[in-house]
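Encoded as structure tokens, the structure appears first; notes follow it.
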Amino acid sequence: MRDNTLKYLLVLPAVLLVFATAIWPLVESLRLSFTVGRLNRPPSLQQYIGFENYTWAFLEEPAFWNSVWVTLAYTAVTVSLTTVLALGLALLLAPGGRLRSGVQTLLILPFAMSPALIGVSFRFMFNPEFGLFDAFFGFFMPVFAGVSWLADPVLAFAVCVMADIWGWIPFLTLVLIGGLSSIPRETIEAAQVDGAGGWRLFRDVTLPQLAPVLAVVVILKSIFSLKTFDQVFMLTNGGPGTATQTLSHYIYFNGLKYGQIGYAASVAWLMVIPMIFLTYAYAKFVFRKD
Amino acid sequence: MTGKQKKAFWNAVQTGLIVMATLIMLVPIAWIFMAAFKSHVDVYQLKLFFRPTLENFALVFREPYNLGEKLWNSTLVALATVVIAIPIATMAAYSFSRFRLRGETVMLVTILATQFVPAVVIILPFFVMFRDVGLLDTRLGLILVNLAIVMPFAIWMIKGFIDGIPLDTEEAAMVDGSSRLQVIRNIVLPMAAPGLLTAGIFCFILAWNEFLFALILTSKDAVTLPIGLALFKAEEGDLWNLLSAAGIIIMLPMFILALMIRKFFVQGMTMGAVR
């Protein structure tokens, strides 16, 4: 067989599979978002209703706006905290040596843990009667003694954030350690010869060279924060009330629990739009020229 | 302080911070490991010392929990997902790596982008379709949607590995009269085998930990391990000793697999954005 035919035949199954499992549902969701799309109605009653689902979300649903704000706040807090803490940890661990390499190896563990299980374990840790973290905070910060974390809107949000960053910092630290190790030693040594040390060395030499990797970390984490579902579902199930209801959770509830697939699809598509921009930004880093 | 003292002081501070971070990372995991061996009474107290028991691991496999079924479902679904995904991804990855295709960049970006589509968007149409064709609560249905998660990673990861295989041997074999398919089978596949295994393990972990699809699509027969966690509730609340035992069964195999491929974890997850 000629290479010219073969090369397309080789990619065909993969392209078809990606099309069927990702592109089709994306397009079909868009179509559903313009229909009544109620699970309990027969196909004949699923007529097109234009942008009604979208206007309904924007104008008639405070719960939609609530989940938008929860998601944005969640994303802002988790992205900034994970990035800063992961950078700090990466700087601490990058020099290597026995202790540091050992810890680097362990960093893979939280990321191999199912996010659903992370949610469960944090619910365990913050149990007001026998939770270890609950006891810890209660001991060192008496304000929190005897507090029922998951029953308080603000504290429940804080626990969701803690579970999230606990799961993500280790992995992003590994990414940043990789970035740090690819900074040429000569530039650092040259700066040290010039008398730069500590903070100035970090700000003027390390940070600019690390910028592309940091950008990748921020974009990647933003994407995953925006679509957070698993931990929140297991940890608070959106509660108390709707205090921790992220967009994914809101879509899940409206689509699958209340059977309003059409409405859920419209909210889902509102969520896809920022993803397109983030993906575009991410792809620029993947395809950048060396 | 002299320079030497200053340096020693800084080293101590750094070591302290590293130890603290490691503790924060390990304590929740260790706590689950401990709770899994605690008796029903001990788990509801903040006890560091207790009489360990294996009872929880026996209980989770019995009625009404039947964790064995979920374990079987998880294994089968994750394994089937990988067995379908890896050969298809390898073919595509080879082509992307060695040839110039029309629309190559568009295809690669699209494949990359599908990884970022929220799972909840993908699952809505699949739920409607599976309900109509009777694929709800089947392992087959779950395998199909899991491919959506796994394929982009598999293609990009394997492409990375094949990019790293030098062209010379392939070209030499072609000069000696081997066909392209013979070259792929006799030269590329053996050389890429460790990479394929790594990608397979990575995808297995993703499929194993997958939650949202299984939550929505399964109800009884095809329930996987992460969804099975919801079983351990009684009227008086969560059964933490059983939850922890189930947690270990979920995470321990993944810890072992992840440690096996830890050098490639970052590359796999970032799809070549970090080099």
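Data overview
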item	result
Tally, over the stretch B:141-174, of residues that are more than 10 Å from chain A (Cβ to nearest Cβ), not aliphatic (A, V, I, L, M) and not in a loop (DSSP other than H, G, I, E, B)	10
Qualifying position, being more than 21 Å from A:Gly88 (Cα to Cα), among the hydrophobic types (A, V, I, L, M, F, W, C) and more than 7 Å from every other protein chain (Cβ to nearest Cβ), among A:Ala243, A:Ala215	A:Ala243
Hey, B:Leu112 in the same structural domain as B:Ser219 (by TED's automatic domain parsing), over 19 Å from the mean Cα position of the chain (by Cα), surrounded by 20 or more Cβ atoms within 10 Å (Cβ to Cβ) and under 25 Å from A:Val272 (Cα atoms) or not	no
Residue check, B:Tyr94 modelled with pLDDT under 90 and either open to solvent by 50 Å² or more (accessible area, probe 1.4 Å) or over 16 Å from the mean Cα position of the chain (by Cα) (or both)	no
Set A:Pro274, A:Pro240: member being in contact with a Pro (Cβ under 8 Å, 6 or more places away or on another chain) and touching a residue at least 40 places away in the same chain (Cβ under 8 Å)	A:Pro240
Test result for A:Gly259, at positive phi, touching a strand residue (DSSP E or B) at 6+ places or on another chain (Cβ under 7 Å) and surrounded by fewer than 24 Cβ atoms within 10 Å (Cβ to Cβ)	yes
Number of the exception - B:Asp221 against (1) in a helix (DSSP H, G or I); (2) open to solvent by 20 Å² or more (accessible area, probe 1.4 Å); (3) not basic (Lys, Arg)	(1)
Residue match in the stretch B:242-256 (condition: open to solvent by less than 10 Å² (accessible area, probe 1.4 Å), closer than 23 Å to B:Phe161 by Cα and within 10 Å of chain A (Cβ to nearest Cβ))	yes
Some residue of the stretch A:237-244 being in contact with a His (Cβ under 7 Å, 6 or more places away or on another chain) and open to solvent by less than 30 Å² (accessible area, probe 1.4 Å)	yes
From the options A:Leu256, A:Leu278, A:Leu207, residue that is farther than 30 Å from A:Gln47 by Cα, of a type in the set (A, V, I, L, M, F, W, C) and within 9 Å of chain B (Cβ to nearest Cβ)	A:Leu278
Qualifying residue in the stretch A:1-12 (condition: open to solvent by 70 Å² or more (accessible area, probe 1.4 Å), assigned to a helix (DSSP H, G or I), over 21 Å from B:Pro118 (Cβ atoms) and of a type in the set (Ser, Thr, Tyr))	yes
Among residues of the stretch A:130-149, those that are open to solvent by 20 Å² or more (accessible area, probe 1.4 Å) and more than 7 Å from every other protein chain (Cβ to nearest Cβ), counted	13
Members of the stretch B:206-216 that are over 14 Å from the mean Cα position of the chain (by Cα) and either assigned to a loop (DSSP other than H, G, I, E, B) or more than 10 Å from chain A (Cβ to nearest Cβ) (or both)	B:Phe213
Condition check for A:Ala196: at negative phi and either at pLDDT 90 or above or open to solvent by less than 10 Å² (accessible area, probe 1.4 Å) (or both)	no
Cβ-Cβ under 8 Å pairs, at least 6 apart or on other chains, the stretch A:116-128 side more than 7 Å from chain B (Cβ to nearest Cβ) and farther than 16 Å from A:Gly239 by Cα, far side β-branched (Val, Ile, Thr) and open to solvent by 10 Å² or more (accessible area, probe 1.4 Å)	A:Pro128/A:Val147
Members of the stretch B:118-168 found to be farther than 29 Å from B:Trp72 by Cβ, touching a residue at least 24 places away in the same chain (Cβ under 8 Å) and buried (at least 19 other Cβ atoms within 10 Å of the Cβ), listed by number	B:Trp156, B:Lys159, B:Gly160, B:Phe161, B:Ile162
Candidate set: the stretch B:187-200, residues that are touching a helix residue (DSSP H, G or I) at 6+ places or on another chain (Cβ under 7 Å) and either within 11 Å of chain A (Cβ to nearest Cβ) or open to solvent by 30 Å² or more (accessible area, probe 1.4 Å) (or both); chosen: the one farthest from A:Phe224 (Cα to Cα)	B:Ile187
Any hit, the stretch A:176-183, residues being in a helix (DSSP H, G or I), in contact with a helix residue (DSSP H, G or I) (Cβ under 8 Å, 6 or more places away or on another chain) and open to solvent by 50 Å² or more (accessible area, probe 1.4 Å)	no
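The values are calculated or read from the model by the stated rules, or taken from the named source; none is laboratory data. The shown structure was predicted, so the numbers you read here are calculated from the model rather than taken from an experiment. When we count neighbours, we look across all protein chains shown, and the Cβ atoms used for this are built from the backbone with ideal geometry, even at glycine. Heads up: the accessible areas ignore ligands, DNA and RNA and are worked out on the full protein's heavy atoms, side chains in. Shrake-Rupley method; radii C 1.70, N 1.55, O 1.52, S 1.80 Å.
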